[in-house]
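Have a look at the structure below before the remarks.
The values are calculated or read from the model by the stated rules, or taken from the named source; none is laboratory data. These numbers were taken from a predicted model, which means no experiment stands behind them. In this analysis, Cβ positions are derived from the backbone assuming ideal geometry, glycine residues included, and neighbour counts consider all displayed protein chains.
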């Protein structure tokens, strides 16, 4: 048996943007001469030829080459659109490459899109057989593992109900359970560990950990840095369809995080009411130089006249648009901050207390007796990375609360 599980050589995948449909409708073919005549009468340029094709080429993958040994767990990371999913689809024979090839030594199973092959009119039982067959399981194997699949999905009571009546969570749990109970030698996984509720996500992570403990070869695509760190000993970084870096997990992840522009300068360009005595000019966010896990927000503003009872306010919201942090400048009555001219103030945002995820920042001046006087939409954002955990298991995955304390200080009383 070969020591290699995968050998990828010069793999490229090209798509053509804006390709016209060669199978035109009858209506379009009949109406075309009439439209051409109308344009000629109106002295407009003629319509382009029917077979016009926009040759704008897009390479989702370009010259990707790497090797994977049996038993390795490889993480594949990168921004959205980097080519991660395309790579896995080529390896799983869902799409064919434009150039290059991939040799696969062993049975390959793919957990790409949960629910592939599910039919809404069929029951859960029928869909298990249908979906498992699509994913490569034999009938005897499905029978042997049927009860285990149903128990893992936690849908025993509804197994003979058409899946169109399932909730989205039930549907996702069943789909993942079928895919997770394959027995391939090589497993490619694309962001399927985020299905279901929190409890099921933990169970899914445990299942994946068990698969890797069995020594199977795994290619794992995920935006969860903590999961990549815990599961994988090697990471491939993709960007623009090309391999940017291939190496040790800690090194590649560290370079990837450094390359992301979390804080961006925001120039306030909304309508400037000359009657407004104060105006925000610029806001920017950057890591705290003393503690890089926190952020510093800097706001530059211009005072043009006498200020009423006004304060600078900052609101941080999570991905669900829930306010998780609020602060105002109680010291804004200081004369240096209120005199005519341009000023800059800063605020430390204790991001190390936030749960992993992306956050947006709203900021502006507010007169307490009125509606916000100068409050733009959220146009700054930052991301809190998931904390490193040595192993992903049910007892040490950070709970997705609004505020997270990584180093709680416990005191023994009695």
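What number of residues within segment 129-162 are exposed (fewer than 11 other Cβ atoms within 10 Å of the Cβ) and under 31 Å from the mean Cα position of the chain (by Cα)?
Looking only at that region, the number is 0.
If you take the residues in segment 113-128 that are at pLDDT below 90 and not in a helix (DSSP H, G or I), which one is surrounded by the most Cβ atoms within 10 Å (Cβ to Cβ)?
Ranking the qualifying residues of segment 113-128, first place goes to 114.
Taking strands (runs of 3 or more DSSP E) that do not extend beyond segment 67-112, which have at least 2 residues that are at pLDDT 90 or above and not assigned by TED's automatic domain parsing to the domain that holds residue 177?
99-104
Taking residue 392 as the residue in question, decide whether it is in a strand (DSSP E or B) and either closer than 29 Å to residue 254 by Cα or at pLDDT 60 or above (or both).
no
Output the number of the condition that residue 201 fails; it satisfies all remaining conditions of (1) at pLDDT below 85; (2) crowded, with 21+ Cβ neighbours inside 10 Å.
(2)
Mind listing whichever residues of segment 237-287 are modelled with pLDDT of 65 or more and in a loop (DSSP other than H, G, I, E, B)?
The answer is 240, 241, 274, 275, 276, 277.
Given the conditions (1) assigned to a helix (DSSP H, G or I); (2) modelled with pLDDT under 90, which single one is not true for residue 146?
For residue 146, the exception is condition (2).
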